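The values are calculated or read from the model by the stated rules, or taken from the named source; none is laboratory data. All values reported here derive from a predicted model rather than from experimental measurement. For neighbour counting, all protein chains shown are included, and Cβ atoms are generated from backbone atoms with ideal geometry for every residue, glycine included. SASA here: full protein model, heavy atoms, side chains in, ligands and nucleic acids out. Shrake-Rupley method; radii C 1.70, N 1.55, O 1.52, S 1.80 Å.
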Amino acid sequence: MNTLSAPLNRTISVAPMLDWTDKHCRYFLRQISKHALLYTEMVTTGAIIFGKGDYLAFNEAEHPVALQLGGSDPADMARCAVLAQERGYDEVNINVGCPSDRVQNGRFGACLMAEPKTVADCINAMQKEVDIPVTVKSRIGIDDMDEYKDLTDFIQVVADAGCEIFTVHARKAWLKGLSPKENRDIPPLMYDRVYALKEEFPHLNLSINGGVKTLDDAALHLDKLDGVMIGREVYSNPFILADVDKRFYQDPAPVPSREEIVHAMLPYVEKQMASGARAWNIARHMLGLFQGQPGGRVWRRYLSQHGTGQSKNGLQVGPELLVNALAAVNEARATAKAYQDSRVS
């Protein structure tokens, strides 16, 4: 089937981040940008096929949204791709970048860079069953397979199988000796290798990931590539997405304020709590909303201190958590302004 039958604009995307980009996080980020492509946390084929929970749940408001899938058995990958399409996902992405021991033991993630034929077999099996795009997210190399030719050989085999869309984290991964966290920082960024890939494979849609901290950084990459995937910076400073729609998607809609975003989240918190979620499950993703702003520390402290407790009447904390945290921010700002005004006078 044609993987490009439902083309997506991948100019800016938010990286899949384990324990972070769950459905609550994605709903929150969607209040800031209407166009950035959002990715789920990596979900394994085993969890989807054999797990007791609903690992494919998402909110319709999250579109465009892609499922990142972990696995290496072509039949299981195809089965999960079908389920993802039936649920309404806009894309299925194969994880060929995670270096954790647990992932390696399951024979998926970055270790698959040493098995391009396996990835190609998964691509073939999945594309035969679905119309949504099947894409790959990889590193630039692993362990001692870290020469540019190793990367191009991998891309060539997988592209020959029909994959036309790749996101490349511009760091190699050490499968032994470094933790997943260290693998996000210690191996040096090598953006030039990803740029060279685009020159060698101009027909492929190539996005870059790794170390992008500003939209100006993203714009520089977009001079050479098709898309930019931003990860940890979005999570710690989510309001970085506020200018994405206007700058990269030519959407003239006004940017919502941080306060408007908080109020937009209140009905969602209430609805999710009615389905069994806790307010903290949602609020924890919003800790960075006022990052770098007056009152930002007050916001984080209030949510952290009050988010996991109970209200005065003994009930579980609800949407008022966000309302009260915002009030604390405004009070802190008013106090700071009064102090500054007194100094001036």
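Of the labelled figures (1) 148; (2) 156; (3) 184, only one reflects volume of the Cα convex hull per residue in Å³ as derived from the coordinates, namely (2). Given a Förster distance of 35 angstrom, what is the FRET efficiency for residue 107 paired with residue 340, based on the Cβ-Cβ distance and rounded to 0.05? Calculated transfer efficiency: 0.05.
Counting only DSSP beta bridges whose two residues both lie in the chain, roughly 5 percent are antiparallel. Each residue of segment 231-247 was assigned a 3J(HN,Hα) from its phi angle through the Karplus curve 6.51 cos²θ - 1.76 cosθ + 1.60 (θ = phi - 60°); the sequence is x, 4, 5, 5, 5, 7, 9, x, 5, 4, 6, 4, 9, 4, 4, 6, 6 Hz, with glycine and proline shown as x.
Stretching the chain fully between residue 19 and residue 324 yields a gain of 107.2 nm (0.36 nm per residue, less the alpha carbon separation).
Which entries in 52/271; 23/213; 34/181; 172/198; 128/271 show an alpha-carbon gap greater than 26 Å? The answer is 34/181; 128/271. Heavy-atom accessible area for residue 165, with the other protein chains in place and a 1.4 Å probe, reaches approximately 10 Å². Per-residue extension of 0.36 nm, minus the Cα-Cα distance of residue 114 and residue 333, leaves a gain of 73.5 nm for this segment.
Each residue, residue 87 and residue 247, gets one label point 7 Å from its Cα in the Cβ direction; the gap between the two is 3.2 nm. Rounded to the nearest 5, the antiparallel percentage of DSSP beta bridges internal to segment 72-213 is 5%.
Applying a DSSP loop filter and a limit of 12 other Cβ atoms within 10 Å to the trypsin sites (Lys or Arg not before Pro) in segment 247-311 leaves nothing. Given +1 at the Cβ of Lys and Arg, -1 at the Cβ of Asp and Glu and no other charges, the dipole of segment 197-328 around its Cα centre is 740 debye to the nearest 20. In this rough spin-label picture, where each label sits 7 Å from Cα along the Cβ direction, the residue 201-residue 236 distance is 3.1 nm.
For segment 228-274, the solvent-accessible area works out to 48 Å² per residue, with a probe of 1.4 Å and every protein chain left in place. The slack between residue 260 and residue 305, meaning 0.36 nm per residue of separation minus the straight C-alpha distance, is 13.9 nm. Placing +1 on the Cβ of every Lys and Arg and -1 on the Cβ of every Asp and Glu, with nothing else charged, gives segment 97-139 a dipole about its Cα centre of roughly 160 debye. Solvent exposure of residue 174, expressed as accessible area, is near 90 Å², computed with a probe of 1.4 Å over the protein chains only. Placing unit charges on each Cβ (+1 for Lys and Arg, -1 for Asp and Glu) gives segment 65-205 a dipole about its Cα centre, and among 186, 161, 108 the Cα reaching farthest toward its positive end belongs to 186.
Around the Cα centre of segment 1-63, unit charges on the Cβ atoms of Lys, Arg, Asp and Glu (plus for the first two, minus for the last two) sum to a dipole of about 160 debye.
Seen through its C-alpha gyration tensor, with square-root eigenvalues sorted a ≥ b ≥ c, segment 129-276 comes out prolate because a/c lies at 1.5 or above while a/b is bigger than b/c.
Each label was represented as a point 7 Å from its Cα along the Cα-to-Cβ direction; for residue 160 and residue 277 these points are 4.5 nm apart.
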